[in-house]
1. Here is a list: PHE85, PHE80. Which entry is of a type outside the set (A, V, I, L, M), closer than 16 Å to ALA150 by Cα and assigned by TED's automatic domain parsing to the domain that holds LEU104?
2. Quick one: what pairs do we get from segment 20-48, first residue over 16 Å from VAL91 (Cβ atoms), second among the basic types (Lys, Arg), C-beta under 9 Å, 6+ apart or different chains?
3. Would you confirm, using the coordinates I've provided, whether ALA179 is free of Cβ contacts under 8 Å to residues at least 24 places away in the same chain and in a helix (DSSP H, G or I)?
4. Any residue in segment 149-164 that's assigned by TED's automatic domain parsing to the domain that holds ALA87: show its pairings with residues that are in a helix (DSSP H, G or I) and among the β-branched types (Val, Ile, Thr) at Cβ separation under 6 Å, as long as the two are six or more apart or on different chains.
5. From (1) touching an Asp or Glu at 6+ places or on another chain (Cβ under 9 Å); (2) under 23 Å from ALA84 (Cβ atoms), pick out the condition that doesn't hold for TYR173.
6. Considering only segment 91-120, state which residues are in contact with a Lys or Arg (Cβ under 8 Å, 6 or more places away or on another chain) and part of a helix (DSSP H, G or I).
7. Mind checking which residues of segment 20-48 are surrounded by 15 or more Cβ atoms within 10 Å (Cβ to Cβ) and either in contact with a Phe, Trp or Tyr (Cβ under 6 Å, 6 or more places away or on another chain) or not in a helix (DSSP H, G or I) (or both)?
8. Just to check your reading of the model, which residue among TYR52, TYR65 is in contact with a Lys or Arg (Cβ under 9 Å, 6 or more places away or on another chain) and closer than 19 Å to MET137 by Cα?
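The values are calculated or read from the model by the stated rules, or taken from the named source; none is laboratory data. As the structure is a prediction and not an experimental result, all values here were calculated from the model. Using ideal geometry, Cβ is built from the backbone for each residue, glycine included, and neighbour counts are taken over all protein chains shown.
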Amino acid sequence: MTDTKREESGALQAGSRVFADAAQVQADRMRYTKNTFSQMLVILAIVFDVLYFVSLYRQDVGSYYYTWKIGVSIIYNLIFLLAAFLASEEVKNRAPGVRVSIMLLVLGVVQFLRIFWLPSQAHAALTNAGAEQVAVMSTGTFVFEAACLAISGVCCIAAAVTSYSQNRKLADYMRTLDATVR
């Protein structure tokens, strides 16, 4: 082997070692830093849920919204806000296991399902306003509320996936540390 080929081979090996070291440094940093990316995704999901229910609850078109459905919606919003905030704290602190990721996945899927419950039903419904019939929810309001719920759901699902992925990387790295210590 010539000297230049040895130097190139050594440079390639050193380069791969640097790459491995950078990956190890990144994995090692995860032990000491918070998972703020996943936490911010969950906080963003909360913000879009708040925009949704403020938009929904400020509607006042006849007596359409004065039913048990709005009561269930209010209770679910409270549960969603509490569960999402709890999840944001747990993903921030890199809670071990998949419990938080599953909870965020379920919250995200339910956010998508909610589009077909109150907003789509109100958009399709008509109510009497004086002598004429009007739509309970305008198309613009429906699109805004559906977008808020969809973005909230996407944020929850993305937070679940990123949190799970980072927790797996950290767990794998911790196993390699335990193996090298032994």
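1. Exactly one residue qualifies, and that residue is PHE80.
2. GLN26/LYS169; ALA27/LYS169
3. Criteria met by ALA179.
4. Qualifying pairs under 6 Å: ALA159/VAL42; SER163/VAL91.
5. (2)
6. If the condition is that a residue be in contact with a Lys or Arg (Cβ under 8 Å, 6 or more places away or on another chain) and part of a helix (DSSP H, G or I), then LYS92, LEU118 are the ones that fit.
7. Within segment 20-48, ALA27, ASN35 qualify.
8. On the way: TYR65 fails: in contact with a Lys or Arg (Cβ under 9 Å, 6 or more places away or on another chain).
Unique residue meeting the criteria: TYR52.
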